[in-house]
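Taking it in order: structure first as structure tokens, then the write-up.
The values are calculated or read from the model by the stated rules, or taken from the named source; none is laboratory data. Keep in mind it's a predicted model, so treat the numbers as computed, not measured. Don't worry about glycine lacking a Cβ; one is built from the backbone with ideal geometry, like all the others, and counts go over all protein chains shown.
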Amino acid sequence: MSKIKAGIIGATGYVGVEVLRLLINHEEVEVTAIGSNSYIGKNIVDVYLSIGYENSMVCIENEKVIDMCDVVFTALPHGVSEKFAIKAIESKKKVIDLGADFRIKDEEIYSEWYGVSFIDKILHKKAVYGLSEIYKEDIKNADIVANPGCYPTSISLPLMPLLSSKLIKNNNIIIDSKSGLTGAGRELSTSSHFTEVNENITAYKIGKHRHTPEIEQNLSEAYKENVDVVFTPNLIPVNRGILSTIYCIKEDNVSIGDIHKKLTDYYEYKDFVEILPLDKITSLKNVIYSNKCVISVHENKDTLIICSTIDNMIKGAAGQAIQNMNIMFGIEETTGLKHIAPSF
């Protein structure tokens, strides 16, 4: 069987080059084009030496990538991906958008949080939300997939099965998430300077982070009623990784054992979600450079405490995008994604 031809629009950002790095070792894929806005005509090795000269490719205009591939990965800021997705779908290509353009289903909510509107309303209705373990059957037949945000991935995977089974209450859900600096992207800002980040932990966008409506959308869909959350992200001085600590209230007569069994049973045959034994606590070192989400559950009286860890660049972005590609093309889901976290 011939290899899938993949193109990456926005290949020189952190997420885009992570997609490239993973696809280079994917036995079913050939990367045929990489696009950039800032590095047109430059070799990717001149931007990221780690890619290696044996994998050298010249960056072309983003628009030209579409005609050279079967599937397009768009790794762009919000409000930018949709025009490329429209062209790609018109050209009968499959699209996996790693930005925010297709994640929010309600246009009014999207406009409120992101300041832009839908361009093609019909295309938004066709887009499938790409939380791989939850929506696999829908992803199989999708032409366009909205790859989830990193924070929502770490939060939705543990909470959605519990909410759908009514094992926890749908109110008073408090989420404290800590993320590595790569989540802020490659462009430098004052808050991402070494001297600002090193030996420091900073909460940011308190009560107004753009992933909030995506989190609430997912949880509400699972519970079949509105779910509101209190979500606070924090920046920590590491390159990559997310630890989300989630506080919620168990329903009456629900034990920690019931919670653990539900999650263990739900994810038993899903390769990239691991539920730890009750006496274990997950940490970033469980997941770095892997496509795994590792979850541990704990309690304090009636309060359930969930710790959920992912690599924000892999399961929270590039890895999940490739997992979605595998599902869309009928490839074994773990192909190209079997890396495990290093021991130290």
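Taking the criterion of being buried (at least 17 other Cβ atoms within 10 Å of the Cβ) and either at pLDDT below 95 or not charged (D, E, K, R) (or both), the residues of the range 322-334 that qualify are I322, Q323, N324, M325, N326, I327, M328, I331. Just one of (1) assigned to a helix (DSSP H, G or I); (2) surrounded by 15 or more Cβ atoms within 10 Å (Cβ to Cβ) fails for I122. It is (2).
Among the residues of the range 20-62, how many are closer than 18 Å to K93 by Cα and of a type in the set (G, A, S)?
2
Residue-wise test of (1) assigned to a loop (DSSP other than H, G, I, E, B); (2) out of contact with any helix residue (DSSP H, G or I) (no Cβ under 7 Å at 6 or more places or on another chain); (3) hydrophobic (A, V, I, L, M, F, W, C).
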{"position": "T195", "(1), (2), (3)": "no, yes, no"}
{"position": "G207", "(1), (2), (3)": "yes, yes, no"}
{"position": "L219", "(1), (2), (3)": "no, no, yes"}
{"position": "I249", "(1), (2), (3)": "no, yes, yes"}
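Screening E30 on (1) modelled with pLDDT of 95 or more; (2) in a helix (DSSP H, G or I); (3) more than 21 Å from the chain's Cα centre (by Cα); (4) not β-branched (V, I, T) shows it passes everything except condition (2).
Note on the range 63-91: among residues that are polar (S, T, N, Q) and under 22 Å from the mean Cα position of the chain (by Cα), the one that is nearest to I9 (Cα to Cα) is T74. The conditions of being outside the structural domain of N171 (by TED's automatic domain parsing) and charged (D, E, K, R) are not met by E274.
Taking the stated definitions as given, is K140 touching a Gly at 6+ places or on another chain (Cβ under 8 Å) and either buried (at least 23 other Cβ atoms within 10 Å of the Cβ) or not assigned by TED's automatic domain parsing to the domain that holds H211 (or both)? Here the answer is yes, as K140 does meet what is asked. The numbered conditions (1) modelled with pLDDT under 95; (2) surrounded by 21 or more Cβ atoms within 10 Å (Cβ to Cβ) are all true for G319 except (1).
Answer with yes or no whether L163 is part of a helix (DSSP H, G or I) and either buried (at least 24 other Cβ atoms within 10 Å of the Cβ) or touching a residue at least 60 places away in the same chain (Cβ under 8 Å) (or both).
Judged against the criteria, L163 is a match.
Where strands (runs of 3 or more DSSP E) fall entirely within the range 263-314, those with at least 1 residues that are among the hydroxyl-bearing types (S, T, Y) and closer than 19 Å to I174 by Cα are at 293-300, 303-310.
What do you reckon, is D228 in contact with an Asp or Glu (Cβ under 8 Å, 6 or more places away or on another chain) and farther than 18 Å from S154 by Cβ?
So D228 passes the test.
Among the residues of the range 33-57, those identified as surrounded by 12 or more Cβ atoms within 10 Å (Cβ to Cβ), polar (S, T, N, Q) and under 22 Å from I4 (Cα atoms) are S36, N55. Mind checking whether some residue in the range 7-25 is in a strand (DSSP E or B) and either basic (K, R) or out of contact with any helix residue (DSSP H, G or I) (no Cβ under 6 Å at 6 or more places or on another chain) (or both)? Scanning the range 7-25 turns up no residue that is in a strand (DSSP E or B) and either basic (K, R) or out of contact with any helix residue (DSSP H, G or I) (no Cβ under 6 Å at 6 or more places or on another chain) (or both). Per this entry, D302 is counted among residues that are within 21 Å of S165 (Cβ to Cβ) and at pLDDT below 95. Given the condition farther than 21 Å from I139 by Cα, among the polar types (S, T, N, Q) and assigned to a loop (DSSP other than H, G, I, E, B), answer yes or no: does some residue in the range 336-343 qualify? Checking the range 336-343: at least one residue is farther than 21 Å from I139 by Cα, among the polar types (S, T, N, Q) and assigned to a loop (DSSP other than H, G, I, E, B). Taking the numbered list (1) loosely packed, with under 13 Cβ neighbours inside 10 Å; (2) at pLDDT 95 or above in turn, S189 passes all entries but (2).
Across the range 63-80, the number of residues qualifying as touching a strand residue (DSSP E or B) at 6+ places or on another chain (Cβ under 8 Å), modelled with pLDDT of 95 or more and part of a helix (DSSP H, G or I) comes to 4.
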